[in-house]
Amino acid sequence: MPRAVEYRVPTVSHHLRTTMRILRPVLTSLLTLVVGMPALPAYATPLSHTSQTSSSGRERIHRHLQDLTRSGAVGAQVQVTDQNGTWTARAGTARAGGSAPVPEGGRFRAGSATKMFTAVVVLQLAAEGRLSLDAPLNRYLPSDRPGSRAHHGTDASAAHQRPPRPRA
């Protein structure tokens, strides 16, 4: 007796799963592109000499920095370099709740808002061959600085991890 062959009729859920299997990587790529676009480097056009070094331009930058600290930022610093040299504008304090001003030449650690920017730059440097994602972080980050976390990781794939909580 011949054996009956069972045929399955594709269902809506089967078609939906197949469609989603195809669309998922496409949509993920598009979302990554759209979200990552603001983090791509902008090629700035140099401002005119007078706009960079004029006293009104400097005052405007100082006002913006002071507005930034009034709106909740602890401290801010901007450094402008042009053909006449370098000048720095600062506002706020070096530490939350502190009274010492932001030091000239002070450094600011990349916080949560800059993780995507940092990740894009790291990937661009890797694409240019100027950085290896498999190299130990100590090759690129100093491990002797207070608060440095370069010794905690062995690769550059930590962009998705939470930042450390501030010490009380």
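Observations, loosely collected:
- Computed label-point distance, nm, for sites residue 100 and residue 82 using a 7 Å Cα→Cβ extension: 3.3 nm
- Fully extending the segment from residue 116 to residue 131, taken as 0.36 nm per residue of separation minus the present Cα-Cα distance, adds 3.7 nm.
Readers should treat all values here as calculations from the given coordinates under stated rules, not as data from a laboratory. Source: prediction; values computed, not measured. Methodologically, a virtual Cβ is constructed for each residue, glycine included, from the backbone with ideal geometry; neighbour enumeration extends over all protein chains shown.
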